[in-house]
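See structure below.
What follows is calculated from the coordinates using simple rules that are stated; it is not laboratory data. These figures come from a predicted structure and were not determined experimentally. Cβ placement follows ideal geometry from the backbone for every residue including glycine, while neighbour counts extend to all protein chains displayed.
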Amino acid sequence: MTSPVWHPFTQHGLNEAIPQVDRAEGAVIHCADGRSLIDGISSWWVTTHGHCHPRIAAAIADQAAKLDQVIFAGYTHAPAEDVARGLIDIAPPGLAHVFYSDSGSTAVEVALKMALGYWHNVAEGRRVSILVMEHSYHGDTIGAMSVGERGAFNRAYAPLLFDVVTIPFPAAGREQATLDALEAACAAQPAAFIVEPLVLGAGGMLMYPPPLLRAMADICARHDVLFIADEVMTGWGRTGTLFACEQAGVQPDILCVAKGLTGGAIPLAATLATPRIFAAHRSEDRARMFFHSSSFTANPIACAAAAANLAIWREEDVPGRIAALAGRLTAGLARLSPDHFTGHRQTGAIAAVDLKAGEDGYLSSVAPVLRAFFLDRGILLRPLGNTIYLMPPYCTDAQQIDRMFDAIAEAGARFAV
Ligand SMILES: *Cc1c(COP(=O)(O)O)cnc(C)c1O
């Protein structure tokens with residue numbers, strides 16, 4: 001029987017296997033047919049501590065029995081208040097206000113609207129354009145696609161995407177070109193610069209060092225260009241610190257978080273802003289309020305999961321687990337032969353290599369072949385074209401990491417050209 005389900009980022013015409021998953025625990029997901037798979041990509045970059053963390057699962061169950069949902073315009077509840085305070089406590093200094101939404105894409109839309117709303121309210125909208133970095137990904141809604149890399153992902157929708165100014169990616173040796181381009185673009189008085197700090201995820205796990213992030217933020221500050229840090233993927237310890245911005249001492253004007261905000265258990269996102277962004281919207285004039293909402297803004301069950309995640313960060317040795325995992329990834333990467341792989345790179349708990357496949361880019365035909373190869377070996381990996389990366393939950397043990405690197409090495413021997 002064919003399923004009516006239309007899957008995301010899936011070419012149904014390739015007839016790839018679509019396993020049915022029944023349950024998951026820690027770093028392992030269990031399929032209906034009895035197979036179990038090591039989740040090498042944290043179920044698309046969201047599962048931080050591991051699947052079904054008991055504290056998060058219990059918080060969700062308790063909250064669901066108490067207050068499932070309530071309108072958030074004009075009403076509030078303890079889980080939302082607690083999480084907002086908890087976020088401000090741990091976020092880079094300077095951020096003081098928390099606006100909830102429900103996905104990374106909407107957190108980005110909210111950030112862009114806050115930036116435009118700010119300039120609209122303080123300067124009659126004299127600054128409207130957005131600066132972006134080449135190879136960026138910020139989500140799949142129209143605004144988020146507009147500030148992301150243009151390509152096969154969004155060619156059909158190009159007529160709806162707004163114009164942006166693109167700064168080149170700071171590849172090793174070409175850093176100054178990026179800074180010069182940013183400086184020149186800032187001189188034209190844009191509204192904001194949006195960037196993924198330290199690691200460009202969907203763009204191919206492209207990495208750049210903290211001093212460069214700092215230099216970009218400094219340029220923006222000098223030109224009064226709002227600095228939007230999209231930490232939807234890099235947040236929650238993924239780059240080795242709670243937020244990637246910490247490594248560069250960067251204080252963004254606006255910060256987007258989602259994915260690991262609930263430990264990856266349930267959708268929730270937040271956009272954090274500085275007092276001046278909030279103040280520009282605060283007035284007795286109702287026309288200056290921030291015009292954004294969604295039905296499930298600050299859903300109490302999702303907020304309870306986020307509160308449990310924050311408690312885990314406060315009370316458990318999460319940084320220790322991340323450091324141990326990062327060490328295992330470093331050792332694993334060193335095993336991958338330069339005969340088969342190039343571009344060995346790592347930031348915190350993200351490791352990536354490019355398979356010498358003779359063909360690169362996201363639509364490289366090697367990607368579905370690799371997916372099936374890893375699935376056959378009981379491993380959930382989803383290469384970005386010929387880029388194979390690991391982004392495992394922090395509970396993944398040494399043996400599981402070894403099994404994944406064994407499979408990647410085998411794939412290199414089999415598929416490199
Ligand atoms: C995943 C991602 C998004 C989009 O988040 P969704 O929850 O999938 O909408 C935005 N920005 C970055 C950097 C991401 O990695």
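Nearest 10 degrees is fine. How inclined is helix 210-222 to the longest principal axis of the chain, computing both from alpha carbons?
Helix 210-222 and the main axis of the chain meet at about 20 degrees.
Given the C-alpha centroids of region 271-345 and region 88-155, what is the distance between them in whole angstrom?
15
For Ile379, enumerate residues with amide H under 5 Å from its amide H, sequence gap 5+ or separate chain, H modeled in the peptide plane.
Under 5 Å from the amide H of Ile379: Ile38.
Give me P(r) over region 160-309, computed from all C-alpha to C-alpha distances, binned every 10 Å, as integer percentages.
10, 34, 35, 18, 3, 0
For the chain, what is the per residue volume of the convex hull drawn over the alpha-carbon atoms, in cubic angstrom?
On the way: hull volume 63.3 nm³, N = 417.
Per residue, the Cα convex hull of the chain comes to 152 Å³.
Mind listing the Cα extents of region 288-417 along all three principal axes, in Å, largest one first?
Answer, in whole Å and largest first: 56, 36, 29 Å.
If I take every Cα pair under 8 Å that is 6 or more residues apart in the chain, average their sequence separation and divide by the length, what percent do I get for the relative contact order? The partial results should precede the final answer.
Numbers: 796 pairs, mean separation 91.9, N = 417.
The normalised contact order for the chain reaches 22 percent.
Spelling out what I want: for every residue of region 257-272, take phi, set θ = phi - 60°, compute 6.51 cos²θ - 1.76 cosθ + 1.60 (Karplus), and round to whole Hz; glycine and proline get x.
After applying 6.51 cos²θ - 1.76 cosθ + 1.60, I find 10, 7, 4, x, 4, 9, x, x, 8, 7, x, 6, 9, 8, 10, 9 Hz.
Share of antiparallel DSSP beta bridges in region 55-315, in percent to the nearest 5?
Details: 11 of 24 bridges.
Within region 55-315, antiparallel bridges account for around 45 percent of the total.
Taking the Cα centroid of region 16-67 and of region 207-265, what is the distance between the two, rounded to the nearest whole Å?
Measuring centre to centre over Cα atoms gives 27 Å.
Enumerate by residue number the chymotrypsin sites (Phe, Trp or Tyr not before Pro) in region 98-198 meeting two conditions: DSSP loop (anything except H, G, I, E, B), and at most 14 other Cβ atoms within 10 Å of the site's Cβ. Provide the component values of the computation, followed by the final result.
On the way: sites: Phe99, Tyr100, Tyr118, Trp119, Tyr137, Phe153, Tyr157, Phe162, Phe193; in loops: Tyr137, Phe153, Phe162.
Here the sparse-neighbourhood loop sites are Phe162.
What does the charge dipole of the chain about its Cα centre add up to, to the nearest 20 debye, if the Cβ of each Lys and Arg holds +1 and the Cβ of each Asp and Glu holds -1?
Values: 30 positive and 41 negative charges, 20 e Å.
Around 100 debye, computed over the chain.
For region 28-131, max minus min Cα coordinate along each principal axis, in Å, sorted largest first?
61, 35, 26
Hey, can you rank 164-176, 272-284 by average C-beta count inside 10 Å, highest first? Walk me through the numbers on the way to the answer.
Numbers: 164-176: 15.2, 272-284: 17.2.
Sorting 164-176, 272-284 by mean packing, highest first, produces 272-284, 164-176.
Provide the per-residue ³J(HN,Hα) series for region 235-249, in order, calculated from phi with Karplus coefficients 6.51, -1.76, 1.60 and θ = phi - 60°, each as a whole number of Hz, with x at glycine and proline positions.
Result, rounded to whole Hz: x, 6, x, 4, 9, x, 10, 3, 10, 5, 4, 4, 5, 10, x.
Quick query: amide H of Val21 versus all other amide H atoms, modeled in the peptide plane; which residues come in under 5 Å with a sequence gap of 5 or more or a different chain?
Ala32
In degrees from 0 to 90, rounded to the nearest 10, what is the angle of the helix 175-187 Cα long axis to the longest principal axis of the chain?
Here the helix axis deviates by roughly 30 degrees.
Among 90-97, 349-356, how do they line up from the highest to the lowest mean number of other beta-carbon atoms within 10 Å?
Values: 90-97: 17.5, 349-356: 24.2.
Ranked by mean Cβ neighbours within 10 Å, highest first: 349-356, 90-97.
Angle, helix 54-64 long axis vs. longest principal axis of the chain, Cα atoms, 0 to 90°, nearest 10?
Approximately 50 degrees, to the nearest 10.
Just flag the chymotrypsin sites (Phe, Trp or Tyr not before Pro) in region 1-77 sitting in loop per DSSP whose Cβ has no more than 10 other Cβ atoms within 10 Å. Write out the running numbers ahead of the final one.
Numbers: sites: Trp6, Phe9, Trp44, Trp45, Phe72, Tyr75; in loops: Trp6, Phe9, Phe72, Tyr75.
Taking region 1-77 and a limit of 10 other Cβ atoms within 10 Å, the loop chymotrypsin sites (Phe, Trp or Tyr not before Pro) found are Trp6, Phe9, Tyr75.
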